[in-house]
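So the structure is just underneath, and the comments pick up after that.
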Amino acid sequence: MSMQASEPRPPHKSPIRWELKLLFCALVMFSIVGLTSHLQPSLSAQDQDLKSAPELTPVDQGIDETTRLILRTLRDSDPQMSDELANAAKLMIDIRLFEDARFYIGQISKLNLNSEQLYLLQNEIGADFFASIHADEALQPEGRELARKVLKASQAVANSPARIDDLIKTLNNPDISVRSEAFRKLRRLGEPAVAQLLEVFAQKDRVADFPGIRGALKSMGIHAQGPLLAAARANDIQVQAEALRALGYYRTSESLDVMMRAYLSPNVPNSLKAIALNSLDRTEFGYDPAIIEERLYRRSREFLTGKRPVDGAVLSSVTIWYWDNQKKKMISSEMDHLTATRVTAARRAADLYEINPALDRNRELYLLTQLEAAKRLVGPSKKTNVELIQKTLGITREETQAVLGEALKLELVPAAIACCELLEKIGNESSLSATAGQPSELIDAIVFGDRYLQFAAMQAIASIDPQKAFAGNSYLVKLAVFLAQSENRPSGLIGHNREELAQNYAATMLSLGLYGNSAGSSREFFQAATTDPDLEVLVVTDTLDNPSFGNLIQQLRTDWRTRRLPIALLYRDADRGRRTSIQLQNDPLFTAIPFSLQPNLIATHVKRLDDRIKPWKVSNFDRRRHGAFAMQWLAKISSDRDRYYFYRLSPREQTQLAKLLYVPGFAADASALLGSLGTPDSQRILVDFASQSALPLDEREVAAAAFAKSVKRGGTLLTAADVQLQYDRYQASSDEPKESRQVLADLLDAIEERNRSAGVQ
């Protein structure tokens, strides 16, 4: 391995003094090399090949004599222990020999130190060193790899319950310096330390530790709030009391909410109410129950609708703490900030309902917030535990429908989905009854436009299995046909009146993991957007006209298939772009972007827009799941037309179903579905598919069999021209394989057999 500086060293005004200083440091450092290190054992003999430092080569002649002497001294010392290697790397960084520094950093990684050893190494060398090697591009990848190992290990050791408990036990040490050092370390650990401090209050054999813990909690500051808020709801009176006392020192909005609940709740002992009252008496709210209830109601609504963020919500994730009543321990959960705000809303609403359960609005808010939080916690692909929800909330069918309506009004999609999942279990035909001439909440859920919500509503209606027509039943059929057409290929659509530019922009979608489609007119764009269930992003340019791009966007925002899709507008005219932005300023899924000839720049903006719907973006797995369920339901209603007569497929929808014949794995179900419809269009579609020799033979045979069943049941509905075309196809197939010709013959046999049965000559 050749040795050379990775970049030239800048000249120094006092080179002799600088070089002597480095030499002195090197000699001092390596005068202690060979002493036994406490950080890790020496390497075994078989590992010595990993420790061979680079040899001095003629390339090293490019460095000055002092640097060469430092290198030779370092290599002769043969550092092997982790602290020796780290100091060697430090020295190489100081003299800007980054290749050598990377070598020694890499040797530390090869030692495979355990967490305790890495923690001790950080304490010995200093955290700043590992932060610097993580950031310095000249030291990668070795620097980043080692720094991450050290950080992870140090956090694990520092946050270990045993170590924290040792620190807690020293808080009552008679030596003030020992107490101060313990507190300093606990404060640096933050919330995990606070959580364990609070757990001690539930241990009756550790009363002697309580005074020191109280002092620590009092001085922890805002870092203590999260665990304290959870502990204030513990089933242990001692833990509750200590948490309330500590929160009284902070006087934050969150702590006041907890004090209000403690003061008014019938479930809180009087001794704790006195602590809460002492804090509230010194606030502008005082202890008027009406004022307190109104505050809790308002704050819960603000958290629920996103008007008020929780502490730490600006970060990518937020830690929410809970008290485990059975284990008498604090537990934490990491969640995104939106979920954290909804969980906080649920807590405030639960407090309010606990205080005054007789008030209808308190009950409604309680149910709404609990369902919103419950669904956000499990995510879009998993169902909420409806049995547990029913047991916990005691929610009725009528209440569920009312909450669903309110969730749609507030655009709380997770709560609405949870309601649909409940109605799937407890709903009945009355859940689909129209009110004042308007469709039911389940139909409103379909029209709302969110894909996960639409599917949940469809599952609920399918489970209810109505036996008569209901308002909006056509939407269910339209949705099923729409979902069934998914090709499990996430895509984006861009509209531009110049086809070549539209295609160029569409190609950039690949960088986002999307298949790019393009449209050259507003009409074409709308048609494509409302027939493709795999679309994830719509990009409209102000070049589109007839109707105008503005009208196009409005149409997209009113159609149930595209209402909740992200839309990006590329504008050339700043005034037009600004006017459209003002019109849609309250639409979180819309953005306006200045027109650019750099497709990659546009892709960056589109990605930001696309990220706004995460993690509720439809996955490929869920697309397949939705499509398969839709096909099964369509097959069910088509197989028993006497029972499901009120579900009708329009000629357009039948044509759309024809696409499913060409989707791998769907041909059999699509053939059965089309065969059961018994319409001229469905028969023609089956015949056309079965007659194409280029398609798989087994799928053609299935389609031909479905056609034969359709004819047997309702007669031949083909026109004379259709029948003649089929004879022509057979006559023209003389060169085709025998099996292929047999499919064409089967089609003619089905037509002729029905004609013979009907006495047609």
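The values are calculated or read from the model by the stated rules, or taken from the named source; none is laboratory data. The shown structure was predicted, so the numbers you read here are calculated from the model rather than taken from an experiment. A quick note on method: Cβ atoms are made from the backbone with ideal geometry, for glycine too, and the neighbour counts reach across all protein chains shown.
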Restricting attention to region 340-351, does a residue exist that is in the same structural domain as Ser300 (by TED's automatic domain parsing), closer than 27 Å to Glu294 by Cα and in contact with a Gly (Cβ under 7 Å, 6 or more places away or on another chain)? yes
Among the residues of region 616-634, which ones are surrounded by fewer than 16 Cβ atoms within 10 Å (Cβ to Cβ) and more than 20 Å from Pro490 (Cβ to Cβ)? Gln632
Quick one: is Glu334 outside any loop (DSSP other than H, G, I, E, B), outside the structural domain of Ala290 (by TED's automatic domain parsing) and of a type outside the set (Phe, Trp, Tyr)? no
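Run down Arg187, Arg261 and say which single residue is among the basic types (Lys, Arg) and more than 28 Å from Tyr353 (Cβ to Cβ). Full working, then the answer.
Numbers: Arg261 fails: more than 28 Å from Tyr353 (Cβ to Cβ).
Only one candidate passes the filter, namely Arg187.
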Is there a residue being touching a helix residue (DSSP H, G or I) at 6+ places or on another chain (Cβ under 8 Å), among the small types (Gly, Ala, Ser) and in the same structural domain as Asp64 (by TED's automatic domain parsing) anywhere in region 108-125? yes
Restricted to region 171-207 and to residues being among the acidic types (Asp, Glu) and surrounded by 12 or more Cβ atoms within 10 Å (Cβ to Cβ), the residue farthest from the chain's Cα centre (by Cα) is Glu181
Yes or no: Thr543 β-branched (Val, Ile, Thr) and surrounded by fewer than 20 Cβ atoms within 10 Å (Cβ to Cβ)? yes
The number of residues in region 356-373 that are touching a helix residue (DSSP H, G or I) at 6+ places or on another chain (Cβ under 6 Å) and not in a helix (DSSP H, G or I) is 1
Within region 93-133, residues within 25 Å of Thr67 (Cα to Cα) and of a type in the set (Asp, Glu) come out as Asp94, Glu99, Asp100, Asp128
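For region 403-432, name all the residues that are of a type outside the set (Val, Ile, Thr), part of a helix (DSSP H, G or I), within 18 Å of Thr305 (Cα to Cα) and without any contact (Cβ under 8 Å) to a residue 60 or more places away in the chain.
Correct list: Leu404, Gly405, Glu406, Ala407, Leu408, Lys409, Ala415, Ala416, Ala418, Cys419.
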Any idea which of (1) more than 25 Å from Leu501 (Cα to Cα); (2) surrounded by fewer than 13 Cβ atoms within 10 Å (Cβ to Cβ); (3) not aromatic (Phe, Trp, Tyr) is the one Arg561 doesn't satisfy? (2)
Within region 572-591, is even one residue charged (D, E, K, R), under 28 Å from the mean Cα position of the chain (by Cα) and within 22 Å of Glu487 (Cβ to Cβ)? no
Where a residue in region 668-683 is under 23 Å from Val723 (Cβ atoms) and its partner, wherever it lies, is of a type in the set (Lys, Arg) and assigned to a helix (DSSP H, G or I), with Cβ under 7 Å and at least six apart: Gly675/Lys709; Gly678/Arg713
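Out of the residues in region 458-490 meeting the condition of being among the polar types (S, T, N, Q) and out of contact with any helix residue (DSSP H, G or I) (no Cβ under 7 Å at 6 or more places or on another chain), tell me which one is farthest from Thr655 (Cα to Cα).
Gln467
Hey, which of the helices (runs of 4 or more DSSP H) in region 558-663, taking only ones fully inside, have at least 1 residues that are over 23 Å from Ala457 (Cβ atoms) and not polar (S, T, N, Q)? Show your work before the answer.
On the way: elements: 574-583, 599-611, 620-639, 651-658.
In region 558-663, 574-583, 599-611, 651-658 are the helices (runs of 4 or more DSSP H) which contain 1 or more residues that are over 23 Å from Ala457 (Cβ atoms) and not polar (S, T, N, Q).
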Is it true that Ala373 is under 20 Å from Val447 (Cβ atoms) and either assigned by TED's automatic domain parsing to the domain that holds Trp560 or under 23 Å from the mean Cα position of the chain (by Cα) (or both)? no
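May I ask you to verify whether Gly472 is among the small types (Gly, Ala, Ser) and over 27 Å from Ser518 (Cα atoms)?
When the stated conditions are applied, Gly472 passes them.
If you take the residues of region 93-113 that are within 35 Å of the chain's Cα centre (by Cα) and touching a residue at least 24 places away in the same chain (Cβ under 8 Å), which of them is surrounded by the most Cβ atoms within 10 Å (Cβ to Cβ)?
The qualifying residue surrounded by the most Cβ atoms within 10 Å (Cβ to Cβ) is Leu113.
Do we have Tyr353 as hydroxyl-bearing (Ser, Thr, Tyr), touching a Phe, Trp or Tyr at 6+ places or on another chain (Cβ under 8 Å), more than 30 Å from Asp611 (Cα to Cα) and outside any loop (DSSP other than H, G, I, E, B) here?
yes
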I'd like the full set of residues that are touching a strand residue (DSSP E or B) at 6+ places or on another chain (Cβ under 9 Å) and either surrounded by fewer than 12 Cβ atoms within 10 Å (Cβ to Cβ) or at positive phi (or both), limited to region 579-609. none
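Do we find a residue being without any contact (Cβ under 8 Å) to a residue 40 or more places away in the chain, buried (at least 19 other Cβ atoms within 10 Å of the Cβ) and in a loop (DSSP other than H, G, I, E, B) anywhere in region 509-529?
The answer is yes, given that some residue of region 509-529 is without any contact (Cβ under 8 Å) to a residue 40 or more places away in the chain, buried (at least 19 other Cβ atoms within 10 Å of the Cβ) and in a loop (DSSP other than H, G, I, E, B).
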